Amino acid sequence: MFLRPLDPAADGAALHRIFGDPDCCTWLPDPAFADLDATITKLREWTTGFEATSWVICETPDGPALGRIALYNVGRDEDVWEAACMVTPAARGRNYAVRGLYAAIRDLFENTTARRVFADIDPDNHASIRTFEKLGFTREGVLRGEWQTHIGIRDSVIFGLLRTDSLTDIPNPPELITA
């Protein structure tokens, strides 16, 4: 397994399997993207400024994207980062999200001054909750009525990991390929 930098144009078609699928996008603020162009446009938007922390999961270095791992700074503090992940339905059940996040977060803590990584998860998104629990994130609380989404007003469950916390050691992490 590998993490390589996300290329919105090159990886767009593979990632549209996620971002064009209404079931995959249930817990996102917006509904699934109508077409490949919309997916590529959004991937460019999400990746701009975070090229060094936007990854795709693949089985070979040049293989198709099976998912996306993203770490991004939300702006209020340069040392506080948010984590996100999505895996194609066909690749689920192989711990790709856990393994990918582990490698990306470990790299972030080793190569930046980041002191905190958090995840903002819909309380009904049980798969994502399990992913962050496996990594050793602490459930910090619930923000009620936090998001206006395509499925209505939703709560957020916040999970956090500090640099000083123990990131659970995950076996078989992916190799990170840098640009």
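With label points built 7 Å along Cα→Cβ from the Cα atoms of Asp23 and Asn172, find their separation and express it in nm.
Computed distance between label sites Asp23 and Asn172 equals 2.4 nm.
Probe radius 1.4 Å, ligands and nucleic acids ignored: give me the carbon and sulfur share of the accessible area of region 89-158 as a rounded percent. Working shown, then result.
Working: 1670 of 3660 Å².
Here it works out to 46 percent.
Have a look at Arg163, Arg94, Arg44 and tell me which one the Gaussian network model of the chain (Cα, springs below 10 Å) gives the largest fluctuation.
Top of the fluctuation ranking is Arg94.
May I ask you to compute the full-extension gain from Arg130 to Arg163, defined as 0.36 nm times their residue separation minus their alpha-carbon distance, rounded to one decimal in nm?
9.9 nm
List the residues, sorted by chain then number, that are 5 or more residues from Glu82 or on another chain and whose placed amide H is less than 5 Å from its amide H.
Those lying under 5 Å, H to H, from Glu82 are Tyr72, Asn73, Val74, Phe118.
Counting heavy atoms of the protein chains only and a 1.4 Å probe, report the per residue accessible area for the chain as a whole number of Å². Don't skip to the end; give the middle numbers.
Details: 9010 Å² over 179 residues.
Here the per-residue accessible area is 50 Å².
Given +1 on the Cβ of Lys and Arg, -1 on the Cβ of Asp and Glu, and no further charges, what dipole in debye does region 37-90 carry about its Cα centre, rounded to the nearest 20?
Working: 4 positive and 9 negative charges, 38 e Å.
Here region 37-90 has a charge dipole of around 180 debye.
For the chain, what does the helix formula give at 222 nm: sum of -39500 (n - 2.57) over DSSP H segments with n ≥ 4, over the residue count, nearest 500 deg cm²/dmol?
Details: 4 runs with 49 residues, N = 179.
The helix-only estimate for the chain comes to -8500 deg cm²/dmol at 222 nm.
Would you work out what percent of the accessible area of region 1-64, with all protein chains in place, is carbon or sulfur (probe 1.4 Å)? Before the final figure, lay out the partial values.
Values: 1750 of 3130 Å².
Heavy-atom surface of region 1-64 belonging to carbon and sulfur, 1.4 Å probe: 56 percent.
Under 5 Å between amide hydrogens, which residues at least 5 positions from Ile57 or on another chain qualify, with H placed 1.01 Å from N in the peptide plane?
Long-range HN contacts for Ile57: Leu66, Gly67, Arg68, Ile69.
Could you give the length gained on full extension between Thr48 and Thr113, defined as 0.36 nm per residue of separation minus the Cα-Cα distance, in nm?
Values: separation 65, 0.36 × 65 = 23.40 nm, distance 2.01 nm.
Extra length from Thr48 to Thr113 when fully extended: 21.4 nm.
Under a Cβ-only charge scheme (Lys and Arg +1, Asp and Glu -1), can you give me the dipole magnitude of the chain about the Cα centre, in debye to the nearest 20?
360
Of the residues Ile57, Ile69, Ile121, which exhibits the maximal mean-square fluctuation in a Gaussian network model of the chain defined by a 10 Å Cα contact cut-off?
Answer for the Gaussian network model of the chain: Ile121.
Using 0.36 nm times the number of residues separating Asp30 and Glu59, minus their current alpha carbon distance, what extension gain do you get?
Values: separation 29, 0.36 × 29 = 10.44 nm, distance 2.87 nm.
Extending this stretch completely gives an extra 7.6 nm.
Which entry in (i) 111; (ii) 283; (iii) 133 matches volume of the Cα convex hull per residue in Å³ derived from the coordinates of this structure?
Identified label for the calculated read-out: (i).
Run the numbers on region 28-124 and let me know its relative contact order in percent, using alpha-carbon pairs under 8 Å that are six or more apart. Can you show the working numbers first?
On the way: 103 pairs, mean separation 20.4, N = 97.
Computed over region 28-124, the figure is 21 percent.
Ignoring everything but the protein chains, give the 1.4 Å probe accessible area of His150 in square angstrom, nearest 10.
Counting only protein heavy atoms, the figure is 70 Å².
Could you give me the ³J(HN,Hα) list for region 36-45, computed from phi with Karplus coefficients 6.51, -1.76, 1.60 and θ = phi - 60°, whole Hz, x at Gly and Pro?
4, 4, 5, 5, 4, 4, 5, 4, 4, 4
The values are calculated or read from the model by the stated rules, or taken from the named source; none is laboratory data. Quantities reported herein were computed from a predicted structural model and do not represent experimental measurements. Reconstructed Cβ throughout: ideal geometry from the backbone, glycine too, with neighbour counts over all protein chains shown. With ligands, DNA and RNA removed, areas are computed over all heavy atoms of the protein, side chains included. Shrake-Rupley method; radii C 1.70, N 1.55, O 1.52, S 1.80 Å.
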